[in-house]
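I have placed the structure first, in the form of structure tokens, so that the comments after it can refer back to it.
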Amino acid sequence: MARNSIEWKEVPNFPTSHFVETSIYTDEGLFREEQDKIFNKCWIIACHESEIPNPFDYRTFQHPGGAPLIVIRGEDMKVRSFYNICPHRGNTLLYEPVGNAKRITCIFHAWSFDSMGDCVDISRGKQGYQDRFDCQHAGLREVKTEVGYGGFAWVNVDDDSCTLKEYIGDAMGMLDEHLSEPLEVFHYHRAVVNTNYKLWHDTNSEFYHDYMHYFNRITGMIQPGYFDRKYTGYPNGHASVGSMSIKYDAYEGSKERGVGWPGLAPGGWVLIDIFPGMTYNLRTSVLRMDTAIPLGPNKLMIEFRGLGLKRDTPAERAERIRDHNTIWGPFGRNLHEDLLGCHGQGLAMRERTDSKWVLHGREENMTIHDEGGMRHFYAEWSRRMGRKAYDPYGQIKEQAVA
Ligand code: FES
Ligand SMILES: [Fe+2]
């Protein structure tokens, strides 16, 4: 039966962990708070080491907490990160997304910096500052950076944060043996979607939406073992899903896929969600990394990287690229189906409506269609925000909650 305006707003008859209030996806104030309490406190993937292989190679990165960053490999081969902000009068230092800079010279008044973040020249410094200020006082603001878990460059803008290892804990266990060799990015693209970053991460945290994926519906979902896969939650909001073989060839003819991946069974699949918006997705022959970079409460940039092994022969690489592009990348349909899902949510939630609830209530023993992956995420979100995801402004009367 259709519901009237009062029934539509009734608090769902679930435990409070099993639904959230929609303002957590739309509210500008909550978004600013997420930048402070989540993005500026967590470890975030900025790029991959193979994107900056040589000394002085850099990559610029829009950190989701707000700061524009430079990730640069020093002369000593160490990867470091800095604010992409000149300490003189706050100009942007590097404009290109990628490049090589032995010296970083600000275009405004020509102050110069090296790849370690040290200031090496202040134009007419002595004349203007006498002995009051010199290069020693003008280094770039460094941001904690660690390379790991498949060779990604992770950054944390909080100087007092835990280590990356402590942050990840055991969450990467299922991928450990598959990430022992050096990797290389062979594909990069971005999508900008009018939606909230959490709604994207949700699509990587539940697989009930396999109903939206044509191929998954006609292949994966009807394979034996599909409903045995289990979601496992880890501290800090991370989660993984168990591996299974998917016969992607079932819809493509009988061509065998030869290239594979070290330690992974043919057709194997491992997915690991790292809080608050990164997903490792290793399927058969390609690792796809999704990084959610929110630009506002209802604007999201997602960075997609396809990775193979650094030691690939040209033929092996070509096969990985073909697998990636035709199935899991921008020319496959799965990705666009996922984008459609969270785009539709963003479209429906962006205006102020009285649509109040998003349900995470499926319980199937934490198997593939259980919505426990999302519940695990929002428990961590609530812990870090100091707010209840089902009631961020404390407006629900306790007796109204099941
Ligand atoms: S703002 Fe960079 S040198 Fe003046
Ligand atoms: Fe999906």
* What's the number of the condition Glu177 fails, among (1) within 15 Å of Thr291 (Cβ to Cβ); (2) part of a helix (DSSP H, G or I)? -> (1)
* To do: Go through the residues of segment 189-205 one by one and say whether even a single one is among the hydrophobic types (A, V, I, L, M, F, W, C), farther than 29 Å from Ile85 by Cα and in contact (Cβ under 8 Å) with a residue 40 or more places away in the chain.
  => yes
* Is it the case that segment 318-331 has a residue that's in the same structural domain as His213 (by TED's automatic domain parsing), within 13 Å of ligand 2 (Cβ to nearest atom) and crowded, with 18+ Cβ neighbours inside 10 Å? -> yes
* Could we say that Gly66 is of a type in the set (Gly, Ala, Ser) and either within 16 Å of ligand 1 (Cβ to nearest atom) or over 18 Å from the mean Cα position of the chain (by Cα) (or both) here? -> no
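Here's the yes/no breakdown for (1) out of contact with any strand residue (DSSP E or B) (no Cβ under 7 Å at 6 or more places or on another chain); (2) surrounded by fewer than 13 Cβ atoms within 10 Å (Cβ to Cβ); (3) not in a strand (DSSP E or B):
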| residue | (1), (2), (3) |
| --- | --- |
| Arg3 | yes, yes, yes |
| Pro12 | no, no, yes |
| Ile24 | yes, no, yes |
| Lys41 | yes, no, yes |
| Ile45 | no, no, no |
| Thr60 | no, no, no |
| Phe108 | yes, no, yes |
* Only one of these is touching a Gly at 6+ places or on another chain (Cβ under 9 Å) and outside the structural domain of Arg288 (by TED's automatic domain parsing): Arg103, Arg132, Arg89, Arg80. Name it. => Arg80
* To do: Scan segment 201-233 for residues that are in contact with a strand residue (DSSP E or B) (Cβ under 8 Å, 6 or more places away or on another chain) and either part of a loop (DSSP other than H, G, I, E, B) or near ligand 2 (Cβ under 10 Å from one of its atoms) (or both) and jot them down.
  => Asn204, Ser205, Phe207, Arg229
* To do: Would you check if Arg387 is closer than 20 Å to Phe275 by Cα and among the charged types (D, E, K, R)?
  => yes
* Can you name every residue in segment 359-388 that is hydrophobic (A, V, I, L, M, F, W, C) and more than 20 Å from the chain's Cα centre (by Cα)? -> Leu359, Met366, Ile368
* Structure fact -> Within segment 353-375, of all residues that are in contact with a helix residue (DSSP H, G or I) (Cβ under 8 Å, 6 or more places away or on another chain) and at pLDDT below 90, the one farthest from ligand 2 (Cβ to nearest atom) is Asp354
* Filtering segment 119-165 down to residues that are in a strand (DSSP E or B) and among the small types (Gly, Ala, Ser), which residue is nearest to Pro235 (Cα to Cα)? -> Gly148
* Residue check, Glu96 charged (D, E, K, R) and either buried (at least 19 other Cβ atoms within 10 Å of the Cβ) or not in a helix (DSSP H, G or I) (or both) -> yes
* Gly372 vs. criteria without any contact (Cβ under 8 Å) to a residue 40 or more places away in the chain and within 24 Å of Tyr231 (Cβ to Cβ) -> no
* Asked: Considering segment 258-298 alone, what residues qualify as being of a type in the set (Ser, Thr, Tyr) and over 18 Å from Cys342 (Cβ atoms)?
  -> Tyr280, Thr284, Ser285
* Asked: Out of curiosity, is Arg132 of a type in the set (D, E, K, R), within 13 Å of ligand 1 (Cβ to nearest atom) and free of Cβ contacts under 8 Å to residues at least 24 places away in the same chain?
  -> no
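The values are calculated or read from the model by the stated rules, or taken from the named source; none is laboratory data. The shown structure was predicted, so the numbers you read here are calculated from the model rather than taken from an experiment. Neighbour counts run over all protein chains shown; Cβ positions are idealised from the backbone, glycine included.
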